[in-house]
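Here the structure is laid out as structure tokens; the discussion comes afterwards.
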Amino acid sequence: MTTKILFLHGFFASGSCAPAQALKRAFEGKAEVLTPDLPLHPCEALTFITSLCEREHPSALVGNSNGSFLAQIVASRLKMPALLGNPHFEMTRFLSEHIGAHEYKSPRVDGRQHFVIDQPLIDEFADIQAHQWDDCRPEITDRIWGLFGENDHLAHFEPLFLQHYTHAYHFPGAHTPTAEEVRKYYVPLVERLYTTTL
């Protein structure tokens with residue numbers, strides 16, 4: 001059976017973003033990396049990710065920023081291994097600072113490049129944010145790992161992560177990893193994660 005990895009991109013990104021493509025290239029011949037475009041709304045995104053996991057049975061989830069926020073919730077519910085890259089656990093704060101019209105930073109399959117951050121979207125994130133740790137259990141604390149950029153000036157949630165999980169790692173990068181950082185720091189951890197937590 002082919003090993004599969006599911007990558008969940010950040011809020012302004014898409015499945016064609018640089019980290020997603022770097023992960024695909026790094027695992028070529030070793031694992032299939034799924035990099036779907038995520039729905040804008042978090043409830044819809046969680047349903048989509050859960051359904052994809054139940055259908056594709058990935059060996060691990062890998063996220064960045066908002067993708068890591070969503071990955072933690074799904075991975076803890078389904079008791080799956082996950083690597084959370086620079087997780088943003090307070091998306092409401094981030095979104096409140098970016099109210100208005102925006103454009104995705106990388107192309108989406110459906111061709112829709114514009115979206116709006118408004119109060120109903122923030123409220124939806126607030127509801128999920130309040131319950132994001134509900135399925136965190138002692139038996140999975142060593143299956144969900146965090147990877148934190150030492151120059152990440154956007155998300156500072158390692159202390160909060162360590163209130164719930166035990167494995168925190170660092171890399172000398174910013175909030176969004178470069179292709180080289182994905183290859184050098186993400187890939188070895190992902191390989192170790194899905195081979196040691198099976």
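None of the figures in this text is laboratory data; all of them are computed from the coordinates on show. Remember, predicted model here, so these are calculated numbers, not experimental data. With ideal geometry, Cβ positions are generated from the backbone for all residues, glycine too; neighbour counts draw on all protein chains shown.
What residues have an amide H closer than 5 Å to that of Gly173, excluding those fewer than 5 places away on the same chain, when H is modeled at 1.01 Å from N in the peptide plane?
Glu150, Asn151
Can you give the direction-averaged projected area of the convex hull of the alpha-carbon atoms in segment 21-160, in nm²?
9.2 nm²
If I take R0 = 25 Å and measure r between the Cβ atoms of Leu162 and Ala130 in this structure, what FRET efficiency does the formula 1/(1 + (r/R0)^6) give, to the nearest 0.05? Intermediate values should be presented prior to the final figure.
Numbers: r = 20 Å, r/R0 = 0.80.
After rounding, the FRET efficiency stands at 0.80.
Calculate how many DSSP beta bridges within the chain are antiparallel, expressed in % of all such bridges and rounded to the nearest 5.
Bridges in the chain are about 15 percent antiparallel.
Say R0 is 30 Å: what FRET efficiency, to the nearest 0.05, do Glu56 and Asp110 get from their beta-carbon distance?
That pair, Glu56 with Asp110, gives E of 0.90.
Largest first, please: the extent of the C-alpha atoms of segment 1-77 along each principal axis, to the nearest Å.
That works out to 33, 25, 16 Å along the principal axes.
Between His41 and Arg137, how high is the FRET efficiency from 1/(1 + (r/R0)^6) when r is the Cβ-Cβ distance and R₀ = 41 Å? Nearest 0.05.
On the way: r = 27 Å, r/R0 = 0.65.
For R0 = 41 Å, the calculated efficiency reads 0.95.
When only C-alpha pairs under 8 Å and at least 6 residues apart count, what is the relative contact order of segment 4-196, in percent? Kindly include the intermediate steps, with their values, before the conclusion.
Values: 356 pairs, mean separation 47.4, N = 193.
25 percent.
If amide H atoms are built 1.01 Å from N in the plane of the peptide, which residues on other chains or at least 5 residues away come under 5 Å of the amide H of Ala82?
For Ala82, whose amide H was placed from the backbone, the distant partners under 5 Å are Leu61, Ile144, Trp145.
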